[in-house]
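Reading through the structure tokens given below for one structure.
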Amino acid sequence: MKVFNLSASKGKKVNIYLIIGAVMTSLVFLIAIIGIFWTPYSTTAMSARERFAAPSWSHLFGTDNFGRDIFSRVMKAVGTSALISVLVVAISAAVGIVLGAITGYFGGIVDSVVMRVIDAINGFPSILLALVIISIFGKGRQNVVLALGIAFTPSFVRIVRGEFIRLRDADYIVRARLMGVTKPRILFVHILPNIFSTFWVSVTIGLNNAILAESGLSYLGIGVQAPDATLGSMLSDAQGYMSSSPWYVLAPGLTIVWIVLGMAMLSEGIGKFKK
Amino acid sequence: MKKYLSIFFVTLLALTALTGCSGSTGESSGDNTSNVSNTGTTQAGTPDNVTGVTATGDSTYGGTVVVGIQQDIDSLDPHTATAAGTKEVLFNIFEGLVKNAPNGDLICAVAESYSLSEDGLVYTFNLRQGVKFHNGNLVTAEDVKYSIERCAGLLDGTPLVSTMKIITAVDIVDEKTVQVTVDSVNPELIYSFTNAIIPNGSADVEGADPIGTGPFRYVSYTPQEGIVVEKNEDYWQEGLPYLDRVEFKIITDEETATLELKAGTIQLYSYLTDAQATELSKTMQVLASPSSTVQALFLNNAVEPLNDVRVRQAILYALDKDEINVFVGGGDATVISSSMLPSLENFYVDLNDVYGTGANVDAAKQLLTEAGYPDGFDLVISVPSNYPVHMQTAEVIVEQLKAVGINAVIDAIEWNTWLSDVYSNREYAATVCALTGDSTPGYLLSRFESTSSKNFINFASEEYDEVYAKVVAATTMEERGEYYKELQKILVDEAGTGFTLCIANKVAVANNLAGYLFYPVYVQDMSTVYYVAE
């Protein structure tokens, strides 16, 4: 991995991954936020006359089988997908920090028990686990968040735990302990800030995976319910029209590629930044 | 769709005279296209909204056709097979005393003619000369007696065909005449005699090849793969079938079916989705005809606020069925208003004028205001998520209801949940689904009698019950037909439920094939299909 030196004259190294990643990702989030308040067309209004309109200036991404504007629906879908994945990562990261900190710092019997449970969860592919959880709690947005939140927790627990094990015997921690600093303070004030660079990389990767996983669930028809759209459900609806109206499937598909690529570059950039 | 069909199930017939057989026995394909003419689909033309080249040319004999079917065969025994997808295949191998014709009539098959006694209790069948089973033996009165007794449960007490349990005796008058005696009058019983005639005792032989009298002879069956049949050289209908061999290949995935059709590895595939039809019509023939199902926005008449007839009428006014037809029917569906198949011309009444086929927002809003809901209300539509067509219809309906202020949301549920919560327990407000016609014209109406166990919309109309009681007592089909029309009207006036479409059955057929016939029953008749001379 080499860091491109674009502005050599000023002698500063530019983190190209970080910049491109941040631009791509912030564009997506910008569109998502706009989409919450405004879309060019209604996302649900149907028009029998404008079915399968090809992309044009009036319909940037064309229209779908109900004559709905695909660009508007993608805007809304990105917002829905992004919100779900942020919530998923928030849940799994929060649980991951607490469990990872405790197991990593203290070790012993708690560590063994918690980690075996985590191993058990990790034993299932995350989509399969999410399917099981959704089949127990039912469909709907909240349950998708819950299901993916549980499914994504193990990776965060492992990463945080690993970092805490690495740092628990560091000199400054040992000294803090000798000075009688309380345990919660050591965990969350002394150690936690020092694992953030690693942690943020896993958060961006987690967001990525969450968007993909949510798309997968919606594609299977068990995520967010119609007429609300997510990128996955749009992809699923569009596949039957793949050869007759290719823009229908390309719009959500390429949007997913864009988001995932942007976030991957962002996490790569954060990794570089750390060094 | 197939799973659904197999559960509600099957064969739906139109009717004409009760005695005798209609003259034509379907010897030439051209005679039998009358049932599809109302969509403009015949061998010579394509339906208005489906483009595609239709083969024309002289018929030739010989050749093999591979037909894609959506589900595996559940039984090779024609009397115990329950899945509609199985019966549509077995139709080519087996025949009853009478047989369904494409126009909804019954034609004589193993019987040459039949008559019914004055009191309606004794059926006399005269067997056709020289009809042979696939094993080469002539069909005898013994075989007929055995087959009917097996269906009616006279052999071991369990009727395999429930409508035939009223049969009390099957007597052989002479070697070409069989008399069937029943204990109560049922003008629709004749449709049950479409059940297969099989060789005496053959069903008791474990694992034996199925033997019938149909146009094709059973060759082999491989689970998960399909079933192969060959031409019956001794078939009693002169000149049929055209093809030497037909392979029914199981293809459960619609994408795979599309690819196989395009690649030419299968030549015929039914029940296309709208997307498939659009795609395939570019390169091959896509034929359409009304199916044997009625789709509706079913309303639970027992829950607030749908228990108010004005609210239900408002919803019916709000529905734009023409738009639903464009969005989910590809424009080829028939807009309906009541629980009867439009293809059953003798029983169907066109009631589309009552609420109109387009949306009438003003009328809907006025009725809602009268009912005390000027600002609309919340409505949950529970939809079985495995049926894209119903899901899409629900999406369109949500938008249409929004226009009159009704805030509808879709609750996508699994088929089994639908069956238990919606159908059995009736714990729902509204649902979008379709009903499949049964072997009697009145089947789709019987469920709306207030005490019927199938009355999952909780429809309660004393008037309806009174008329339905007359149906049961009626002894002729003409009389019944009038009552059926009356029932349809009551159902519409009371706004029992929001019937939408009779969705077209679309079939993709290779460009060099012709002769495919649509039936108002769930069958695929391959006997009239032929390759066009180059």
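As for the stretch A:252-262, it holds no residue that is more than 11 Å from chain B (Cβ to nearest Cβ), under 24 Å from B:ILE410 (Cβ atoms) and outside any helix (DSSP H, G or I). Scanning the stretch B:249-262 for residues that are away from every other protein chain (no Cβ under 14 Å) and either among the aliphatic types (A, V, I, L, M) or without any contact (Cβ under 8 Å) to a residue 12 or more places away in the chain (or both) yields B:ILE250, B:ILE251. Look at B:GLN392 and say whether it is of a type outside the set (Gly, Ala, Ser), surrounded by 15 or more Cβ atoms within 10 Å (Cβ to Cβ) and within 14 Å of chain A (Cβ to nearest Cβ). Here the answer is yes, as B:GLN392 does meet what is asked. Exactly one residue out of B:ASP322, B:ASP362, B:ASP378 is away from chain A (no Cβ under 14 Å) and in contact (Cβ under 8 Å) with a residue 12 or more places away in the chain: that is B:ASP378. Restricting the stretch B:325-356 to residues that are within 13 Å of chain A (Cβ to nearest Cβ), touching a residue at least 24 places away in the same chain (Cβ under 8 Å) and buried (at least 18 other Cβ atoms within 10 Å of the Cβ), the residue that is farthest from the chain's Cα centre (by Cα) is B:PHE327. Is it fair to say B:THR222 is touching a His at 6+ places or on another chain (Cβ under 9 Å), more than 14 Å from chain A (Cβ to nearest Cβ), polar (S, T, N, Q) and more than 30 Å from B:THR334 (Cα to Cα)? No, not satisfied. Residue count for the stretch A:63-100 under the criterion of being within 14 Å of chain B (Cβ to nearest Cβ) and not acidic (Asp, Glu): the result is 6.
Results for (1) in contact with a Pro (Cβ under 9 Å, 6 or more places away or on another chain); (2) not aliphatic (A, V, I, L, M), shown as yes or no for each residue.
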position	(1), (2)
B:PRO159	no, yes
B:LYS165	yes, yes
B:VAL173	no, no
B:ILE227	no, no
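I'd like to know if the stretch A:198-211 contains one or more residues that are within 21 Å of the chain's Cα centre (by Cα), farther than 27 Å from A:ILE102 by Cα and crowded, with 21+ Cβ neighbours inside 10 Å. The answer is yes; a qualifying residue exists.
Identify the single condition in (1) outside any loop (DSSP other than H, G, I, E, B); (2) more than 20 Å from A:GLY223 (Cα to Cα); (3) within 12 Å of chain A (Cβ to nearest Cβ) that B:LEU368 does not satisfy, given that it satisfies every other one. Evaluating B:LEU368 over (1) outside any loop (DSSP other than H, G, I, E, B); (2) more than 20 Å from A:GLY223 (Cα to Cα); (3) within 12 Å of chain A (Cβ to nearest Cβ) leaves (3) as the failure. What residue, of A:SER243, A:SER236, A:SER267, is within 13 Å of another protein chain (Cβ to nearest Cβ) and part of a helix (DSSP H, G or I)? Of A:SER243, A:SER236, A:SER267, the one residue that is within 13 Å of another protein chain (Cβ to nearest Cβ) and part of a helix (DSSP H, G or I) is A:SER236.
Could you tell me whether the stretch A:79-90 includes any residue that is closer than 30 Å to A:ILE150 by Cβ, modelled with pLDDT of 90 or more and touching a Gly at 6+ places or on another chain (Cβ under 7 Å)? So far as the stretch A:79-90 goes, yes, one or more of its residues are closer than 30 Å to A:ILE150 by Cβ, modelled with pLDDT of 90 or more and touching a Gly at 6+ places or on another chain (Cβ under 7 Å). On the basis of being more than 14 Å from chain B (Cβ to nearest Cβ), without any contact (Cβ under 8 Å) to a residue 60 or more places away in the chain and over 22 Å from the mean Cα position of the chain (by Cα), does A:LEU60 make the cut? When the stated conditions are applied, A:LEU60 passes them. Please determine whether any residue of the stretch B:291-302 is of a type in the set (A, V, I, L, M, F, W, C) and within 14 Å of another protein chain (Cβ to nearest Cβ). So far as the stretch B:291-302 goes, no, none of its residues is of a type in the set (A, V, I, L, M, F, W, C) and within 14 Å of another protein chain (Cβ to nearest Cβ). Can you confirm whether A:TYR219 is without any contact (Cβ under 8 Å) to a residue 60 or more places away in the chain and within 14 Å of another protein chain (Cβ to nearest Cβ)? In short, yes. Set side by side, the residues A:VAL157, A:VAL74, A:VAL145, A:VAL89 differ, and just one is more than 30 Å from A:ILE34 (Cβ to Cβ), assigned to a helix (DSSP H, G or I) and either of a type in the set (Val, Ile, Thr) or under 18 Å from the mean Cα position of the chain (by Cα) (or both), which is A:VAL157. Looking only at residues in the stretch B:417-449 that are without any contact (Cβ under 8 Å) to a residue 40 or more places away in the chain and over 21 Å from the mean Cα position of the chain (by Cα), the one that is farthest from B:THR393 (Cα to Cα) is B:GLU449. When you scan the stretch A:117-137, do you find a residue that is crowded, with 19+ Cβ neighbours inside 10 Å, touching an Asp or Glu at 6+ places or on another chain (Cβ under 7 Å) and more than 14 Å from chain B (Cβ to nearest Cβ), even just one? Within the stretch A:117-137 (the criterion being crowded, with 19+ Cβ neighbours inside 10 Å, touching an Asp or Glu at 6+ places or on another chain (Cβ under 7 Å) and more than 14 Å from chain B (Cβ to nearest Cβ)), the answer is no, since none of the residues qualifies. In the stretch B:395-407, how many residues are facing chain A (nearest Cβ under 10 Å), touching an Asp or Glu at 6+ places or on another chain (Cβ under 9 Å) and either of a type in the set (Val, Ile, Thr) or assigned to a strand (DSSP E or B) (or both)? Of the residues in that region, 1 qualify.
Look at A:ALA229 and say whether it is surrounded by 15 or more Cβ atoms within 10 Å (Cβ to Cβ) and in a helix (DSSP H, G or I). Judged against the criteria, A:ALA229 is not a match.
Might you let me know whether the stretch B:211-225 holds any residue that is without any contact (Cβ under 8 Å) to a residue 12 or more places away in the chain and out of contact with any Lys or Arg (no Cβ under 9 Å at 6 or more places or on another chain)? Looking through the stretch B:211-225, at least one residue is without any contact (Cβ under 8 Å) to a residue 12 or more places away in the chain and out of contact with any Lys or Arg (no Cβ under 9 Å at 6 or more places or on another chain).
Can you tell me how many residues in the stretch B:207-221 are more than 23 Å from the chain's Cα centre (by Cα) and of a type in the set (Gly, Ala, Ser)? Of the residues in the stretch B:207-221, 3 are more than 23 Å from the chain's Cα centre (by Cα) and of a type in the set (Gly, Ala, Ser).
Counting only strands (runs of 3 or more DSSP E) that fall entirely inside the stretch B:125-223 and contain at least 3 residues that are among the hydrophobic types (A, V, I, L, M, F, W, C), the qualifying elements are B:167-174, B:177-182. Could you look through the stretch B:129-153, keep only residues that are farther than 17 Å from B:ILE211 by Cβ and under 29 Å from the mean Cα position of the chain (by Cα), and pick out the one that is modelled with the lowest pLDDT? Looking at residues that are farther than 17 Å from B:ILE211 by Cβ and under 29 Å from the mean Cα position of the chain (by Cα), I get B:GLY153.
The values are calculated or read from the model by the stated rules, or taken from the named source; none is laboratory data. The structure presented is a predicted model; accordingly, all values stated were derived computationally and were not measured. Reconstructed Cβ throughout: ideal geometry from the backbone, glycine too, with neighbour counts over all protein chains shown.
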